[in-house]
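What follows is a set of notes on a single structure, which appears directly below.
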Amino acid sequence: MVEKTVEITNPIGLHARPAAIFVQTAGKFTSNIWLIKENKKVNAKSIMGLMSLAIPKGTTVVIGAEGEDEDFAVHELVELIQSGFKEFEY
């Protein structure tokens, strides 16, 4: 099992478009992947789960994975978040 803490940096937080990108990226991996905000843990391959967290910019979350590609999965998802989902400020 691997877990990493990361801050959401894109301007509008984890709204629909970046959540969809996150779920699509997580879906490439065979590992079980989750995202934790405060005390709520959701399946990172579920758009509804991610949207239910209502994550604004500046929120710290934990990305975790367990399975054969767990290291690569967490690494790629952390990089995706740190890139700000390549969104521009509005």
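Label-to-label distance for S52 and A16 is 1.9 nm, based on points extended 7 Å past Cα in the beta-carbon direction.
Each 5 Å bin from zero up to the one holding the largest Cα-Cα distance in the chain carries the following percent of pairs: 3, 16, 29, 29, 16, 5, 1, 0. Sort out the exposed loop trypsin sites (Lys or Arg not before Pro) in the chain (DSSP loop, at most 15 other Cβ within 10 Å) and tell me the longest stretch that has none. Longest gap between qualifying sites, sites excluded: 58-90. F72 contributes about 120 Å² of solvent-accessible surface, heavy atoms of the protein only, 1.4 Å probe.
In the chain, the longest principal axis of the Cα atoms and the axis of helix 16-26 are about 20 degrees apart. How tilted is helix 70-82 with respect to the longest principal axis of the chain? Cα atoms for both, answer in degrees (0 to 90, nearest 10). That works out to roughly 10 degrees.
For the chain, the relative contact order comes to 46 percent (Cα pairs under 8 Å, sequence separation of at least 6). Pairs of Lys residues in the chain are counted when their Cα atoms are under 21 angstrom apart and they lie 8 or more places apart or on different chains; the count is 17.
The values are calculated or read from the model by the stated rules, or taken from the named source; none is laboratory data. Every value quoted in this text rests on a predicted model; they were computed, and no experiment measured them. Using ideal geometry, Cβ is built from the backbone for each residue, glycine included, and neighbour counts are taken over all protein chains shown. Surface areas here come from the heavy atoms of the whole protein model, side chains and all, with no ligands, DNA or RNA. Shrake-Rupley method; radii C 1.70, N 1.55, O 1.52, S 1.80 Å.
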